[in-house]
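Every read-out reported here was derived from the displayed coordinates using simple, explicitly stated rules and does not represent laboratory data. Just so you know, these numbers come straight off a predicted model, no measurement behind them. We place every Cβ from the backbone using ideal geometry, glycine too, and count neighbours over all the protein chains shown.
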Amino acid sequence: MLQIFDMSDPSRREAGIAAAAVALRRGDLVGLPTETVYGLAADARSDQAVTAIFAAKGRPRFNPLIVHIPSRAAAERLAAFPPDARKLADAFWPGPLTLVLPRKPAAGISDLATAGLDTIAIRVPAHPVARAVLVAADLPVAAPSANRSGHVSPTEAGHVVADLGDAVAVILDAGPTGIGLESTVVGFDRNRATLLRPGGLTRADIERVLRTPLAIPADDPDRPASPGMLAKHYAPAAAVRLDATDVRPNEALLAFGPSLPAGADRAIAIRNLSPSGDLAEAAANLFAALRDLDRVSGKIAVMPVPDEGLGEAINDRLRRAAEGR
Ligand code: TXA
Ligand code: MG
């Protein structure tokens with residue numbers, strides 16, 4: 001039986017955190033809010049619990065999971081930190097940054113969670129509910145985004161219910177997530193920080209701390225630097241047309257900024273990511289808007305979004321959405 005707790009109700013909050021901790025310790029799945037997107041959480045030490053994540057999402061077994069822990073100290077027990085990883089953890093944890101690091105073998109994490117790799121992806125989330133659950137459960141939590149594999153990530157508890165429903169024991173509903181894009185994933189190629197996935201922490205913020213540009217992952221199609229970054233991903237069912245400067249018959253419009261393109265009056269539906277052209281607001285609205293438009297139309301025209309700041313990650317997700325068909 002799926003239990004949903006409204007975390008905005010102070011009288012339900014403690015009960016929700018306790019129920020989530022009990023479910024995790026039992027090996028069950030929990031829909032957990034983070035500051036980026038909702039995660040599908042399970043005990044990262046348990047082969048059985050991690051297998052349940054892959055099964056619920058329909059996720060390929062070769063695509064490893066991020067392990068969530070409450071502190072840098074807990075992270076040091078799981079992985080080795082190159083000097084630049086230490087700098088980034090100091091600057092941005094807790095927060096929307098995932099570090100892919102050399103894994104310590106004795107860490108007790110299920111090999112299924114790391115897909116047999118000798119690296120491990122680690123994140124210290126900032127969301128107070130996620131942090132409270134990590135502390136109460138007192139175990140490392142594997143948590144991919146709580147969507148069906150290949151679909152857009154969930155930014156509301158209702159998205160988790162729609163995608164995963166009864167596979168989950170407990171969902172903590174803390175309202176829409178603040179950032180709305182997944183964490184930025186940074187790996188280390190011979191100790192050089194490498195951008196594996198643009199996300200909720202901008203390249204500029206990271207490079208300001210590193211004082212050097214992020215490297216681009218070596219392009220080896222047989223051994224992708226980040227297995228999850230297959231082109232066809234984060235996809236709605238609808239056909240997505242990027243950089244639209246007009247709206248064509250039967251299209252819905254995903255807009256950005258104050259002025260709408262020609263033909264907008266005949267759009268089947270319009271969602272504006274940010275009427276004022278604010279990229280943080282657009283990031284927060286992106287996945288819910290894609291889900292909404294996907295429900296009402298088989299075709300979505302997307303206005304151009306500037307490629308600076310959070311726009312890099314927004315455009316990455318939009319390109320993947322357009323590859324979906
Ligand atoms: O914001 C987020 O990161 C959310 C919340 C729930 O924390 N989680 C999330 O997880 O987006 P997921 O599984 O949807 O994406 C994790 C990404 C995938 O692209 C995966 O391939 C990559 O991280 N990854 C995980 N472990 C890795 C590793 N050892 N080496 C390279 N990439 C890895
Ligand atoms: Mg995901």
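Using unit Cβ charges (K, R positive; D, E negative) and no other charged atoms, how large, in debye to the nearest 20, is the dipole of the range 239-322 about its Cα centre?
Working: 10 positive and 12 negative charges, 90 e Å.
Dipole magnitude for the range 239-322 comes out near 440 debye.
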Report summary line: Taking 36-42, 101-107 and ranking on average Cβ neighbours within 10 Å, highest first, one gets 36-42, 101-107
Query raised in the report: What value does the chain have for Rg/Rh, both radii from Cα atoms and Rh as Kirkwood defines it?
Result: 0.96
Query raised in the report: If we count every other residue with Cβ under 14 angstrom of Leu65's Cβ, Lys/Arg +1 and Asp/Glu -1, where does the sum land?
Result: +3
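Can you give the relative contact order of the range 52-181 as a percent, counting alpha carbon pairs under 8 Å and 6+ residues apart?
Numbers: 175 pairs, mean separation 38.9, N = 130.
Normalised by residue count, the contact order of the range 52-181 is 30 percent.
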Report summary line: CD proxy, 222 nm, the chain: helix-only mean residue ellipticity via -39,500 (n - 2.57) per DSSP H run with n ≥ 4, per residue, nearest 500, stands at -9500 deg cm²/dmol
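State the Kirkwood hydrodynamic radius of the range 239-322 in Å, one decimal place, computed from all pairs of distinct Cα atoms. Intermediate values should be presented prior to the final figure.
Numbers: mean 1/r = 0.0809 Å⁻¹.
For the range 239-322, the Kirkwood estimate is 12.4 Å.
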**Report entry** Mean projection area, nm², convex hull over Cα of the range 43-107
**Finding:** 5.0
Query raised in the report: Dipole size in debye (nearest 20) for the chain around its Cα centre, Lys and Arg Cβ +1, Asp and Glu Cβ -1?
Result: 540
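When only C-alpha pairs under 8 Å and at least 6 residues apart count, what is the relative contact order of the range 239-322, in percent?
Details: 156 pairs, mean separation 33.1, N = 84.
Averaging sequence separation for qualifying contacts and normalising by length gives 39 percent for the range 239-322.
Which of rounded, prolate, oblate describes the range 137-273, given a ≥ b ≥ c as roots of the alpha-carbon gyration tensor eigenvalues and a/c under 1.5 marking rounded, otherwise prolate only if a/b is larger than b/c?
On the way: a/c = 1.91, a/b = 1.27, b/c = 1.51.
In terms of gyration-tensor shape, oblate.
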Query - Rel. contact order, % - alpha carbon contacts under 8 angstrom, at least six apart, the chain - result: 20
